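Rule-based calculations on the coordinates, nothing more; no lab input. Here the structure is a predicted model, which is why all the values come from computation and not from measurement. Glycine also receives a Cβ, built like all others from the backbone with ideal geometry; neighbour counts cover every protein chain displayed.
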Amino acid sequence: MAGPTTAERRKPASGGSRPPRPRRSRARLPQPRTLVLSLIALVLLGAGGGWLFYGSQWLRVERVTTSGTRILTPEEVREAAAAPVGSPLISVDTDALEDRLRKRLPRIDSVEVERSWPHEIGLKVTERKPVLVVEKGGKFIEVDAEGVRFATSGHAPKGVPLLELRPDQEKAAASLRRFDAHRLRREAVRVAGALPAAVARDTRAVKVRSYDSISLELSGGRTVAWGSSEKGRTKASTLTALMKAAPKAGHFDVSVPTAPASSAS
C-alpha cells in the first residue's frame, strides 16, 4: 500500500491550520497639530529664558566681591576690574575681566572671575610674592620667582633680600657678552627661590659677580659662597646640613655641593 504523499506529510499533526503571525505595530507619527504646538512651546520657552537672563532685572550684577588680596586692597581690585554693575550677569565677559586685572595691576599673578547667581561677581586674586628687590634711583623694585619685576615702592619690603649686581671687573667683559644683566638677575632669582626657608629669612642680600659667582650675605655678618644657580636643591640641602654641623661658623661654601666647607670667617 502506498505511503502518504509529500503534501500530506507537511500538514500539522493536529490537522489544523497554522496560527497567524502577529502583526508588527507601526509607530504612529505625531499629528501636524501636535508638532505645531510643540514648536510654539519651544519658541515661548526660549523667548522666556532669553528675557529672564537678558531682559529682566532679576539676574543682573549688583555686587562685586574680592578675596586673596595681601598688599592690594579690595577697592583697588574692584576699581581695576571695572565689572559692569547693572548688566545681565550672564553677559559678563569673565576672560576680559581677568585680562584687565592682570594688565592694570601687575602685582596680580593670577585671578579667577566667577559668577555667583543671581547677582554677584567674585574676584579670587593671587598676588605675586617678591623673592628679591632691586634698588634703583632710591626706589625698590620687587622681583618674583619668575624674574618678573612687578612693583616699585619707596621702601624695601621686609624680609626680602636685596639683589646686588656687581660684575667682576676682570671677568665683566667676557661674562656680560654671554650673560647680560637680565640673565644674571634671573640666575639670582633662581638662587633665592632655592634657599631653605630658614636661610631665606636670614638672607640680607644676594650678590652676583658673574654667572658662576653668586654669594649670600646673611644676618650676623655670615656669608655663603653659592656658585652658579645650578643644582640649587642639592646646595640647599647641603647648606642646611653644614649649618647644623657648624652653627658658629661665619662662612659657608656650597659652590661644589659634594665638597662643602665652612670656616670662622
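Computed extension gain for Ser228 through Ala198, at 0.36 nm per residue and net of the alpha carbon distance, reaches 8.7 nm. Measuring nothing but how far apart in sequence close Cα pairs (under 8 Å, 6+ apart) lie, relative to its length, segment 63-127 scores a relative contact order of 42 percent. Computed from the C-beta positions of Lys103 and Ser219, the FRET efficiency with R₀ = 51 Å rounds to 0.85. What's log10 of I(q)/I(0) for segment 63-127 at q = 0.13, 0.20, 0.22, 0.27 Å⁻¹, Debye sum over Cα points only, no solvent? Cα-only, vacuum Debye calculation for segment 63-127: -0.29, -0.69, -0.83, -1.24. Share of pairwise Cα-Cα distances greater than 19 Å in segment 197-265 is 21 percent (whole percent). One decimal place: the segment Ala264-Glu76 gains 62.7 nm when fully extended, by the rule 0.36 nm per residue minus the C-alpha distance. Its Kirkwood hydrodynamic radius, worked out from the mean inverse distance over all distinct Cα pairs, puts segment 130-263 at 15.0 Å. Here the spin labels are modelled as points 7 Å beyond Cα on the Cα-Cβ line, and at Leu165 and Glu62 they lie 5.2 nm apart.
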